[in-house]
1. Tell me whether the stretch 112-128 contains one or more residues that are touching a strand residue (DSSP E or B) at 6+ places or on another chain (Cβ under 6 Å), over 30 Å from Leu403 (Cβ atoms) and not aromatic (Phe, Trp, Tyr).
2. Being more than 30 Å from Ile90 (Cβ to Cβ), modelled with pLDDT under 95, under 16 Å from the mean Cα position of the chain (by Cα) and of a type in the set (Ser, Thr, Tyr): is that true of Ser316 here?
3. Out of all the residues in the stretch 92-104, which are more than 14 Å from Gly39 (Cβ to Cβ) and either small (Gly, Ala, Ser) or buried (at least 22 other Cβ atoms within 10 Å of the Cβ) (or both)?
4. Could you list all residues from the stretch 138-177 that are of a type in the set (Val, Ile, Thr) and out of contact with any Leu (no Cβ under 6 Å at 6 or more places or on another chain)?
5. Give me the residue from the stretch 170-182 that is of a type in the set (A, V, I, L, M, F, W, C) and surrounded by 19 or more Cβ atoms within 10 Å (Cβ to Cβ) and, out of that set, nearest to the chain's Cα centre (by Cα).
6. Consider the stretch 256-275. How many of its residues are assigned to a loop (DSSP other than H, G, I, E, B) and either touching a residue at least 24 places away in the same chain (Cβ under 8 Å) or within 16 Å of Phe312 (Cα to Cα) (or both)?
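The values are calculated or read from the model by the stated rules, or taken from the named source; none is laboratory data. Note that the structure is a prediction, hence the values are computed from the model and not measured. Virtual Cβ from ideal backbone geometry, glycine too; neighbours counted across all protein chains shown.
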Amino acid sequence: MEHGKAEWNGIVDRSALAQWDTVLARRVGDRNEWWIGLGREGTSSAGPDWGEQPCFGFAGYDLKNEFEDLSTKHPVQDGFPRSAWWTPRITVHLAKGMAAYWATPGAGGEARAFLRSFLRAPGPLPPVGPARWTRTTPRERYLQQASTLLQHVHRGDIYEVNYCTRRTALLPELNPYAAFERLVRYTDAPHAAFLRWGNHFALCASPERFFRLEQGRIFTQPMKGTRPRGLGEAEDRALVEELAADAKERSENIMALDVARNDLGRVAVPGSVQVGELCAVKTFPNVHQMVSSASARIRPGATPMQILRATFPMASMTGAPKVRAMQLIDGTEDMARGLYSGTMGFFLPGNTADLNVVIRTITWDAATGEAALLTGGALTAASDPVLEWEECEHKARSVLNALGHAC
């Protein structure tokens, strides 16, 4: 593979991505990096792997049906395959004021031309335009289904379950590149991602990492517990303190952490699973989030697909016990989740990987103009369905406000 470097001043023109019909760009915010895969040299049916070239890809929520004895009663509507992993024709790494690229044979000239365009300062962002979003699960339906799930919680069938709803809009004139730029500027999401798969786009402002693999260790950060930002410093601080002390939110977070620890144990060296942060509150431009973390040493010889099979779908988007929660999710939700609740990311030579959690994400079909946004939250024994509905609405606003759309 060819390799080169170019200056990067932190200002890029993402419209340069428009010439590629396969694009996956992932932010790794805690390392101040972007990884961008352009084009597709071939798709692997076997799933992700480590090799001599980067492997980019995504897995939708219903990949669970291949890992467990599960099914999905609703058709997938977002247009993405269940899972896809490929070698990009060009891989770009933006970090530390520099841009490095790797190109498959014969693609070096394309890589240099892309960087000359991509690293040019963009013009003003065009307006996204108004939109009317329609809830496919109205408030009354949400409250009814949440109450049904809470009956299972109170009977002891499950302890926690993530329940999601969907809204749609018709956006025939959407510029997905400008919309993503707005989304990133507004949310500063550390694990944001932009995906183009032919006519199908995903604009993801995720604050949550699924896992990172590096130097033989795996690190995961389940996120449960949300508060909006305050109107002033005093209110903002009070909301942080309220979230940190909320017994219900801590319970949700710790249950998700326990499921994540159990998942890691399936591919970890025995006795190596450790808890790092516990119920720490992280502040983002639009929300406060409660985050915990766990890590482990990966068992020698474990493959990327074995690791994905052991840990996917992530604990924060399912429940506890995990399989029973997923069965109830499918019986209760009014749609297939598709890419939502899945993951996007990359596996690099040297056994490094970084995958996000696909939340705060708009999917869009360029052929029809149809857009969708899913939001959800955890239900536990202490949950009030009305408050959970309001939390879902706030999560939707954190995305739609970036585009100037009403919730």
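1. No, every residue in the stretch 112-128 fails to be touching a strand residue (DSSP E or B) at 6+ places or on another chain (Cβ under 6 Å), over 30 Å from Leu403 (Cβ atoms) and not aromatic (Phe, Trp, Tyr).
2. On the way: more than 30 Å from Ile90 (Cβ to Cβ): yes; modelled with pLDDT under 95: yes; under 16 Å from the mean Cα position of the chain (by Cα): yes; of a type in the set (Ser, Thr, Tyr): yes.
Yes; evaluated as a whole, the condition is true for this residue.
3. Here is the first cut: in the stretch 92-104, the ones more than 14 Å from Gly39 (Cβ to Cβ) are 93-100.
Correct list: Leu94, Ala95, Gly97, Ala99, Ala100.
4. First, pick out the residues of the stretch 138-177 that are of a type in the set (Val, Ile, Thr): 148, 153, 158, 161, 165, 168.
Passing the criteria: Thr148, Val153, Ile158, Thr165, Thr168.
5. Taking the stretch 170-182 as the starting set, the residues that turn out to be of a type in the set (A, V, I, L, M, F, W, C) are 170-171, 174, 178-180.
Next, only the ones that are surrounded by 19 or more Cβ atoms within 10 Å (Cβ to Cβ) stay: 171, 174, 179-180.
Values: Leu171: 22, Leu174: 21, Ala179: 17, Phe180: 14 Å.
Residue satisfying both the conditions and the ranking: Phe180.
6. The first filter runs over the stretch 256-275 and keeps only residues assigned to a loop (DSSP other than H, G, I, E, B), leaving 266-267, 269-273.
After this cut, where a residue has to be either touching a residue at least 24 places away in the same chain (Cβ under 8 Å) or within 16 Å of Phe312 (Cα to Cα) (or both) as well, the list is 266-267, 269, 272.
Of the residues in that region, 4 qualify.
Conditions (1) more than 22 Å from Ala372 (Cβ to Cβ); (2) modelled with pLDDT of 90 or more; (3) in contact with an Asp or Glu (Cβ under 9 Å, 6 or more places away or on another chain), marked per residue:
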| site | (1), (2), (3) |
| --- | --- |
| Trp20 | yes, yes, no |
| Arg26 | no, yes, yes |
| Gly47 | yes, no, no |
| Ser83 | no, yes, yes |
| Arg89 | yes, yes, yes |
| Leu115 | yes, no, no |
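Residue by residue, here is whether (1) touching a residue at least 40 places away in the same chain (Cβ under 8 Å); (2) surrounded by fewer than 17 Cβ atoms within 10 Å (Cβ to Cβ); (3) under 23 Å from the mean Cα position of the chain (by Cα); (4) closer than 24 Å to Pro207 by Cα holds:
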position	(1), (2), (3), (4)
Ser71	yes, yes, yes, no
Phe80	yes, no, yes, yes
Ile90	yes, no, yes, no
Gly106	no, yes, no, no
Pro130	yes, yes, no, no
Leu143	yes, yes, no, no
Thr148	yes, yes, no, no
Arg167	yes, no, yes, yes
Val184	yes, no, yes, yes
